[in-house]
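In what follows, a structure is listed as C-alpha cells, so that the remarks can point back to it.
FYI, it's all coordinate maths here, none of it is from the lab. Because the structure is predicted, anything quoted here is derived from the model rather than measured. A quick note on method: Cβ atoms are made from the backbone with ideal geometry, for glycine too, and the neighbour counts reach across all protein chains shown.
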Amino acid sequence: MVHAFVLIDASPARVADLATELAGLDGVAEVYSVAGQADLIAVVRVRRHDDLADVVTRGIGQLPGVLDTRTLIAFQAYSRRDLEAIWELGTPEQ
C-alpha cells in the first residue's frame, strides 16, 4: 500500500468546493483544509505507485481551481501505539 500526502494550492474561491470534490476521488482517503504552505492536504492511499500517479495527475491535478500540487510519499506509518512503544524502549542516547 502506498500512502501519500498531496499539498494543494487552490484558487481561494474554490477551496471549499474543491475539498468536497477531492474527497470524492477514488484513492483519496481524507482531505483537510489547512493554514500555512498549502490550502488543502489530500491523504491518498493506493495499492501501487502507478495508481498514485493517476490519482495526482489525472484526478487531483485536473480539478478546476487546483493551482499547484506537491506530493509527499510516506515511507513508513507510525500509529500512536507504535510511537508509545518506541518511547518505552528509550532512545539510543539514554
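Among 69-76, 39-46, 10-17, 54-61, what's the highest-first ranking by average C-beta atoms within 10 angstrom per residue?
Values: 69-76: 11.8, 39-46: 21.4, 10-17: 13.9, 54-61: 17.2.
Highest-to-lowest ranking by the protection proxy: 39-46, 54-61, 10-17, 69-76.
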Using volume of the Cα convex hull per residue in Å³ as the read-out, say which of [x] 122; [y] 79; [z] 103 was calculated from these coordinates.
[x]
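Per-residue ellipticity at 222 nm for the chain, helices alone: DSSP H runs ≥ 4 residues times -39500 (n - 2.57), over residue total, nearest 500 deg cm²/dmol?
Details: 3 runs with 24 residues, N = 94.
One gets -7000 deg cm²/dmol as the mean residue ellipticity at 222 nm.
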Give me the one-decimal nm value for the distance between modelled label points at residue 16 and residue 53, 7 Å along each residue's Cα-to-Cβ direction.
3.8 nm
Say a paramagnetic label sat at a point 7 Å from the Cα of residue 68, along Cα to Cβ; which residues of the range 33-47 have their backbone N under 17 Å from it?
34-42
